Amino acid sequence: MSVYQPLTAALLARAALLVAEPDSYVSHHTAARLLGAVVPDDPDVHVTSRRHRVRGEGLAGHRAKVGQRVVRWRGIRMTSPVQTFLDLAHQLSLVDLVVLGDSLVRRRRTTPEELVSATREHRGPYSRLARRAATLVRAGVDSPMETRLRLLIVFAGLPEPEVDHRVHDDDGTLLRRYDLTYLPFPHIIEYDGRQHAESDEQWLTDLGRDEALDDARIRRLVIVPRLNDEWRRYFPSRPGDLAVPA
């Protein structure tokens, strides 16, 4: 009797290491997925080796660099979270690299301070990109689209909004949280992910929240992006929206 085994990132990583030279480790997109971080789709399993790059269909081989930090994550040799961020600076755009950093922080794999510190010491190609991305990583970001919306605002030259503003009652119970806020003005900015309109429960919750905002004289701005090719290139907003090549 056959037993179905789903092709998880961990299973693919273990299989790839079986055909690689000893002391090899998974890296890049594969390491990021094992950490639960967000990276663009990539069909290959990325393996880094010290002497001979792994070859084969579905495999992407890399040559080890001096000083690369390697850890064992759930029994799998792989680059550390910070090293994964540094390595992917060679392959990702600035926006996607910040998305990666925000998601690593959300999964508690690293902190913004650790990324900034590591990139200050990092040298070589794309080190400037890594440093720039690290300074834009924030804690408390819930989704890639929150990151992309924040960066769209910042790159437009506007002040950076506060991330993950939380409202508590007198007992310390969390009442509400907002993605991006300009409370001194006062404004709240949110990305329209459409899932709210498809959930009656969420719709009712949003109505109650909006009434509370009206009472506090706070304006809520909902951003609905125009899905043209230029937007999709830098800010893919739905699973079916593929990035347009540069």
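Which count do you get for residues in region 143-177 that are at pLDDT 85 or above and within 18 Å of Val38 (Cβ to Cβ)? Result for region 143-177: 11. None of Val3, Val38 is part of a loop (DSSP other than H, G, I, E, B) and at pLDDT 95 or above except Val38. Of all residues in region 139-166, those satisfying the criterion of being exposed (fewer than 13 other Cβ atoms within 10 Å of the Cβ) and not in a loop (DSSP other than H, G, I, E, B) are Phe155, Arg166. Checking the stated criteria, Leu92 turns out to be in a loop (DSSP other than H, G, I, E, B) and modelled with pLDDT of 95 or more.
Summed over region 110-167, the residues that are within 19 Å of Gln83 (Cβ to Cβ) and acidic (Asp, Glu) give a count of 3.
If the condition is being within 30 Å of Leu94 (Cα to Cα), assigned to a helix (DSSP H, G or I) and among the hydrophobic types (A, V, I, L, M, F, W, C), then region 18-35 contributes Ala31, Ala32, Leu34. How many of the residues in region 54-88 are surrounded by fewer than 20 Cβ atoms within 10 Å (Cβ to Cβ), in contact (Cβ under 8 Å) with a residue 12 or more places away in the chain, within 27 Å of Leu129 (Cα to Cα) and aliphatic (A, V, I, L, M)? Result for region 54-88: 3.
Name the residues in region 118-138 that are part of a loop (DSSP other than H, G, I, E, B), loosely packed, with under 13 Cβ neighbours inside 10 Å and charged (D, E, K, R), would you? Residue satisfying the conditions is Arg123 alone. Determine if region 20-28 includes at least one residue that is of a type in the set (S, T, N, Q) and buried (at least 20 other Cβ atoms within 10 Å of the Cβ). Checking region 20-28: at least one residue is of a type in the set (S, T, N, Q) and buried (at least 20 other Cβ atoms within 10 Å of the Cβ).
Would a scan of region 178-190 turn up a residue that is out of contact with any Phe, Trp or Tyr (no Cβ under 8 Å at 6 or more places or on another chain), among the charged types (D, E, K, R) and either at pLDDT 75 or above or assigned to a loop (DSSP other than H, G, I, E, B) (or both)? No; the residues of region 178-190 include none that is out of contact with any Phe, Trp or Tyr (no Cβ under 8 Å at 6 or more places or on another chain), among the charged types (D, E, K, R) and either at pLDDT 75 or above or assigned to a loop (DSSP other than H, G, I, E, B) (or both). For region 92-117, taking the residues that are free of Cβ contacts under 8 Å to residues at least 40 places away in the same chain and among the polar types (S, T, N, Q), the one that is surrounded by the most Cβ atoms within 10 Å (Cβ to Cβ) is identified as Thr110. Of everything in region 36-47 that is under 23 Å from Met145 (Cβ atoms) and surrounded by fewer than 21 Cβ atoms within 10 Å (Cβ to Cβ), the residue that is farthest from the chain's Cα centre (by Cα) is Asp42.
Does Ser49 count as at negative phi and free of Cβ contacts under 8 Å to residues at least 60 places away in the same chain? Answer is yes for this residue.
Across region 49-88, which residue is farthest from the chain's Cα centre (by Cα) among those that are closer than 13 Å to Leu34 by Cβ and small (Gly, Ala, Ser)? The qualifying residue farthest from the chain's Cα centre (by Cα) is Gly75.
Can you tell me how many residues within region 45-67 are among the acidic types (Asp, Glu) and at pLDDT 95 or above?
Of the residues in that region, 0 qualify.
The values are calculated or read from the model by the stated rules, or taken from the named source; none is laboratory data. Computed from a prediction, not measured in an experiment: that's the story for all the values here. Positions of Cβ are backbone-derived with ideal geometry, glycine not excepted, and every protein chain shown enters the neighbour counts.
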